[in-house]
Amino acid sequence: MNMDRGESVIAMLRITRELTPSQRLVVMQYAAEVQDPGGTVRRKGQDLAADIGMAPQMYSRVRLELVRAGWLREDENARIGNVRYYRLTAKADGPVSNVVPLQPA
């Protein structure tokens with residue numbers, strides 16, 4: 001999911017309600033960042049942490065928690081040396097709905 005409208009932000013807040021505030025912040029950030037076609041955010045964690053005012057060590061810990069919980073996944077093909085890049089998993093898109101919205105006639 002790439003957030004571009006208020007509706008997407010509200011949907012992401014609903015989906016992440018079970019997470020801690022720090023975890024929600026990181027998930028929201030990954031959803032709002034520029035992503036490559038595969039959904040990977042190609043920015044270093046240190047830079048991402050600085051953007052939201054979080055210590056890099058804490059950011060790394062929270063990101064690891066999100067990986068273990070299935071919210072983020074490392075893109076192993078994008079890895080450069082020790083630099084790892086991550087993307088949101090399908091879990092961040094929320095439950096799939098089979099309801100088709102009605103359209104006016």
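The values are calculated or read from the model by the stated rules, or taken from the named source; none is laboratory data. Note that the coordinates shown come from a computational prediction; the quantities given were computed from them, not determined experimentally. In this analysis, Cβ positions are derived from the backbone assuming ideal geometry, glycine residues included, and neighbour counts consider all displayed protein chains.
A few remarks follow.
- Selection status of D4, among the acidic types (D, E), at pLDDT 90 or above and either out of contact with any Cys (no Cβ under 7 Å at 6 or more places or on another chain) or not in a helix (DSSP H, G or I) (or both): no
- Here G6 fulfils each of the conditions (1) surrounded by 12 or more Cβ atoms within 10 Å (Cβ to Cβ); (2) without any contact (Cβ under 8 Å) to a residue 24 or more places away in the chain; (3) more than 20 Å from N77 (Cα to Cα) apart from (1).
- Of the residues making up the range 45-66, not a single one is assigned to a loop (DSSP other than H, G, I, E, B), touching a residue at least 40 places away in the same chain (Cβ under 8 Å) and surrounded by 14 or more Cβ atoms within 10 Å (Cβ to Cβ).
- For V9, the criteria (1) at pLDDT 95 or above; (2) more than 16 Å from L66 (Cα to Cα) hold in every case but one, which is (1).
- Residue in the range 64-71 that is of a type in the set (V, I, T) and either in contact with a Pro (Cβ under 7 Å, 6 or more places away or on another chain) or modelled with pLDDT of 95 or more (or both) present: yes
- Residues of the range 67-84 satisfying the condition of being exposed (fewer than 14 other Cβ atoms within 10 Å of the Cβ) and part of a strand (DSSP E or B): I80, V83
- Enumeration of residues in the range 45-74 that are over 13 Å from the mean Cα position of the chain (by Cα) and among the hydrophobic types (A, V, I, L, M, F, W, C): A49, A50, I52, M54, A55, M58
- Of residues in the range 9-44 being in contact (Cβ under 8 Å) with a residue 40 or more places away in the chain, under 18 Å from R61 (Cβ atoms) and in a helix (DSSP H, G or I), the one farthest from the chain's Cα centre (by Cα): S22
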